[in-house]
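The values are calculated or read from the model by the stated rules, or taken from the named source; none is laboratory data. Note that the structure is predicted; figures quoted are calculated from it, not measured. Cβ coordinates were reconstructed from backbone atoms using ideal geometry, including for glycine residues, and neighbour counts include every protein chain displayed. What goes into the accessible areas is simple: the full protein's heavy atoms, side chains included, and nothing from ligands, DNA or RNA. Shrake-Rupley method; radii C 1.70, N 1.55, O 1.52, S 1.80 Å.
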Amino acid sequence: MLTKSLLQTLSHPIFTKHQISVQIKRDDLIHPQISGNKWRKLKYNIEYAKKQKLAGIVSFGGSYSNHIHALAYACYQQKIKSVAIIRGEASNGENSTLSWAKHWGMELHFVDRKTYRKRDDANYLAQLQQKFPDYFIVPEGGSNTLALPGMAEVINELEQQTQFDTLMVPVGSGGTLAGLITADNSLVQNKQHQLLGIAVLKQPKEHTDYLDKSVRRLLSKKHQQKGNWQILSQYHGGGYAKFKLEDAQRIIDFSQITGVPFEPIYSGKMIIALLDLIEAGYFAKQHRIVLLHTGGLQGLAGLAEQNKITVNEWPSPPEPPVR
Ligand SMILES: *Cc1c(COP(=O)(O)O)cnc(C)c1O
C-alpha cells in the first residue's frame, strides 16, 4: 500500500549562513489525495477493520479536516464504508474537503460544538457504537495506538536514507509524533535522534502540557519513560488554523526558494519554527535536520474558499481526480 517517500535536500541562504543541513521527507507526495501522515496513521486502522470483517470506519473531524479527506479516500480505495461526525453546519458539506469526501462515498453527520466535544467520552462512544455496530471507531486525527506502527515506518525509511540529528514535525493531536517516538526509542542508543514537535494549536493556559500528555497517553509504558523528544509551543501563530500575515509571507517565500509547497496550518508553522530557531542559534553548526512534510495541501483549497489566502500567492493544491 505504501512506498517509501522521497528524501530531498533543501537549499536556502540561511542554511548556508548558519552551516546547517536540512532535508525534507516528502510524505506529501505519498499519494495525491491522501495527506501524508494521515495515510500512514490510517494504514493499520484500515487493515484492522478489514481483518475483523467490519463494514467500515467512523471518525471525527472539522469541516476542512485532512484526516476526514484522507479517510474518505482510503476507505473508498479499500472498499470499506466510512462515516464521519463533523463539527459544523450541514451546509459545510458543500465545501472543497467534504464534497470530495461525499464523492468518495463517505456518510457525513453534522453535530454542534457541544456534541462534538464529547468525541472521546466513553458514554457517547458507546452510543455511537450502538448506532454503527459493525464499524470501527477511530478518534479525531486518526490518532490511536494503531496509528503508531504506520508512523514508525518513517524512522525505518530514514534509517535507510540518511543520517541526521533532529527530526522536526508539526503536532496536532500527537499521533504522528508518538509513532515516531516509538520507532526512535527502539533504535540502538547511539543511533537515536532528537525529535522536535511544533505545536500548531494554542494549548489552554491551565493545561500547558496538553500536547505532551496527548502524546504520552498514546505511548506504551516502555516508551513513556524515555525518548529524546519535546514539543515547542510558541509557534502556533494565534491558534489552530490561524496564522499571521507576515508568517504567511515567510512561508510563501520559503516555498519559492526551496520549490517545496507548504500550507500555513501545519507544515508552514514548522517552517516558521525552523527559520526562527536557526536565527536564534538553536542548532549548532553542522547540525543535520530532517523535516517531515506531513502533507495537508488539500487544505489550501479550503483556505482559498474562505478567503483566508490569496490563491495565486500559494502553491496550488493537488489536482482533484476527475469526478
Ligand atoms: C493532522 C496533521 C498533522 C498533525 O498530526 P497529529 O498526528 O494530529 O499530531 C500535521 N500535518 C498535517 C498536514 C496534518 O494533516
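For the chain, the calculated P(r), taken from all Cα-Cα distances in 20 Å bins from zero up to the bin holding the longest distance, is 32, 60, 7 percent. In a fully extended conformation the segment linking residue 117 and residue 186 would gain 21.4 nm over its present Cα-Cα distance, using 0.36 nm per residue. Structural descriptor for the chain: relative contact order 23 percent, calculated from alpha carbon pairs under 8 angstrom and at least 6 residues apart. Using the Kyte-Doolittle scale, which helices in the chain average at least -0.5 and also have C-alpha atoms spread 27 Å or more along the helix axis, with helices defined as whole DSSP H runs? Taking the DSSP H segments of the chain (at least 27 Å long, mean hydropathy at least -0.5), we get none.
Could you order the peptides 284-296, 67-79 from most to least packed, using the average number of other C-beta atoms within 10 Å per residue?
67-79, 284-296
Using helices alone, I'd like the mean residue ellipticity at 222 nm for the chain: each DSSP H run of four-plus residues gives -39500 (n - 2.57), total over residue count, nearest 500. Helix contribution divided over all residues of the chain: -11500 deg cm²/dmol.
As a fraction of the 1.4 Å probe accessible area of segment 37-142, surface on carbon and sulfur atoms comes out at 46 percent. Each of residue 216 and residue 228 was given a label point 7 Å from its Cα along the Cα-to-Cβ line. The distance between the two points is 2.1 nm.
The modelled label-to-label distance for the pair residue 194/residue 51, using points 7 Å beyond Cα in the direction of Cβ, is 3.7 nm. With the cut-off at 1.5 for a/c, could you classify segment 37-142 from its C-alpha gyration tensor as rounded, prolate or oblate? Judged from the Cα gyration tensor, segment 37-142 comes out oblate (a/c at least 1.5, b/c at or above a/b). Cβ-Cβ distance of residue 103 and residue 284, R₀ of 41 Å, FRET efficiency by 1/(1 + (r/R0)^6): the value works out to about 0.25. Each Lys and Arg Cβ is given +1 and each Asp and Glu Cβ -1; about its Cα centre, the chain then shows a dipole of about 860 debye.
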